[in-house]
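Worksheet: the structure to be examined is printed underneath.
The values are calculated or read from the model by the stated rules, or taken from the named source; none is laboratory data. What you see is a predicted model, and the numbers here were worked out from it, not measured in a lab. Note that each Cβ is placed from the backbone with ideal geometry, even for glycine, and that neighbours are counted across all protein chains shown. Ligands, DNA and RNA are excluded from the accessible area calculation, which covers all protein heavy atoms including side chains. Shrake-Rupley method; radii C 1.70, N 1.55, O 1.52, S 1.80 Å.
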Amino acid sequence: MEDVEHFLSSEADYDLIISDIRLGQHTVFEAFERYTPKSFVIFVTAYEDYAMQAIKNNGLEYLIKPINYEEFCNAIDKLKLAIPANQNALNLQFEAINKVAPCRERFLLNRGNELIVVNAKDINYFSIDGDHVCAFCNDGKSYALALSMAELEQELNPNDFFRLNRQYIANLNGFKRISLYFGSKLIVELKGCENDIVLSKKKSAMLKKWLNK
């Protein structure tokens, strides 16, 4: 949050902000209350409940994760129409966005005095276990991570991992069974997980869209 507020207070020469909504225990709107954005904002989030606040905070587009590339390009086109004089500069910015760091492929983890490298593809799911976030692997082992669920969601490949709820992020290969439930909800069973996960109606719809793309 402090980094966001520092950026907004010190930087003024920008045409576009791309921001998630949840920033740890806070929302980006809390920073915007102190430092009103001077540009358009494309909001990228896993939550559907902040659309009205987004509109009130220079929201140009409200994209739900996992991000559809075509929808993102359409949002950039909106900005080009809104600020045609800066189109060349925006094209350069868009090219830079496409060159962002790749998604995380592996984790370097501690097990006693030993360092273990775990590939993301070998992790069935991530879950909050007590005070820690743990990675549960397809070999039955689990590892505590020094990352939050929000940080994981940002770093993992959205084509391979889906945020089921506040407690679980699942690998596409980690699904054991998906069952229909009343109220247009789904029940998800993950490999190596003893709990049945009941998704909300909104998350159920998002998961079906993600699985069917």
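What the table below lists for this structure:
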{"quantity": "Solvent exposure, largest accessible area first (probe 1.4 Å, DNA, RNA and ligands not counted), of CYS137, CYS103", "calculated": "CYS103, CYS137"}
{"quantity": "Net +/- balance of residues flanking ILE128 in space, Cβ distance below 14 Å, scoring K and R +1, D and E -1", "calculated": "-2"}
{"quantity": "Solvent-accessible surface ranking, highest first, for ILE187, ILE197 at 1.4 angstrom", "calculated": "ILE187, ILE197"}
{"quantity": "Most to least accessible of SER19, SER184, SER179 (protein chains only, probe 1.4 Å)", "calculated": "SER184, SER179, SER19"}
{"quantity": "Neighbourhood charge, 11 Å Cβ-Cβ cut-off, centred on PHE29 and excluding it, Lys, Arg +1 and Asp, Glu -1", "calculated": "+1"}
{"quantity": "Distance from segment 99-144 to segment 16-73 (C-alpha centre basis), Å", "calculated": "29 Å"}
{"quantity": "Normalised contact order of segment 19-79, rounded percent, pairs of Cα under 8 Å and 6 or more residues apart", "calculated": "30 percent"}
{"quantity": "ARG34 accessible area, 1.4 Å probe, all protein chains in place, Å² to nearest 10", "calculated": "150 Å²"}
{"quantity": "Vicinal HN-Hα couplings computed from phi for segment 39-51 (Karplus, 6.51 cos²θ - 1.76 cosθ + 1.60; Hz; Gly/Pro x)", "calculated": "9, 6, 10, 9, 8, 10, 8, 9, 10, 9, 8, 10, 4"}
{"quantity": "Chymotrypsin sites (Phe, Trp or Tyr not before Pro) within segment 105-213, DSSP loop, no more than 15 other Cβ atoms inside 10 Å", "calculated": "none"}
{"quantity": "Proximal aspartates and glutamates relative to LYS201, as straight alpha-carbon distance under 20 Å, when same-chain residues fewer than 8 apart are discounted", "calculated": "GLU48, ASP49, GLU189"}
{"quantity": "Per-selection Rg to Rh, segment 135-213 - Cα, Kirkwood hydrodynamic radius", "calculated": "0.95"}
